[in-house]
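Bear in mind these aren't lab numbers, they're just calculated from the coordinates by the rules spelled out. Note that the structure is a prediction, hence the values are computed from the model and not measured. Using ideal geometry, Cβ is built from the backbone for each residue, glycine included, and neighbour counts are taken over all protein chains shown.
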Amino acid sequence: MVAELSEAFLYAQSAAELWKEIKERYGQSNGPLIYQLQRELSNVSQGNLTIAAYFNKHKRCWDELHNLNGIPVCSCGKMQECSCNLVDKFLEIEGRSKLIQFLMKLNDEYESVRNQILAMDPLPTVNKAYYIVQHREKSMWMGIWLWIPLPTTVFC
């Protein structure tokens, strides 16, 4: 700790008291950062970016938002008794949201692969969709338009 700061906390009675005082004095709301990240996400478009660079812009924002927001934690102690997999359902919703964000602002030349991905049932993860779109990008670079067959396990 910086010398000037350590003197201010020299007489804290416990680590908990020290932490509480530091948090009150220096803690800030994550609201502005969450707003900035959500705004950045809404403005991301592929443009001249490669698929990898475009995806990585999304991934950075998603990861930062996850660290700021986290996953709700059960405070009543009944989570161990829960049999409805509520957390998994939250993660599934978050995953679909990421998939749609990624697909929404792809360039028009990816419309057919975007439609192919959106027609899958169940929808793939955003990582699987990234793989499919990146495969199409590589095919386009080579001047080959390949139809990407859907995995047979998708329809099980």
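A few comments on the model shown:
- Gain on full extension, evaluated as 0.36 nm per residue between A119 and R96 minus their Cα-Cα distance, stands at 6.9 nm.
- Using the Cβ-Cβ distance between L49 and S112 with R0 set to 22 Å, the FRET efficiency works out to roughly 0.70.
- Three semi-axes describe the equivalent ellipsoid of the range 13-155; taken as square roots of 5 times the Cα gyration tensor eigenvalues and ordered largest first, they are 38, 22, 11 Å.
- Computed FRET value (nearest 0.05) for Q13 with C76, which takes r as the C-beta separation and R₀ as 30 Å: 0.45
- In this structure, the residue pairs whose Cα-Cα separation is over 24 Å, taken from K59/K138; K23/K89; K59/K105, are K23/K89.
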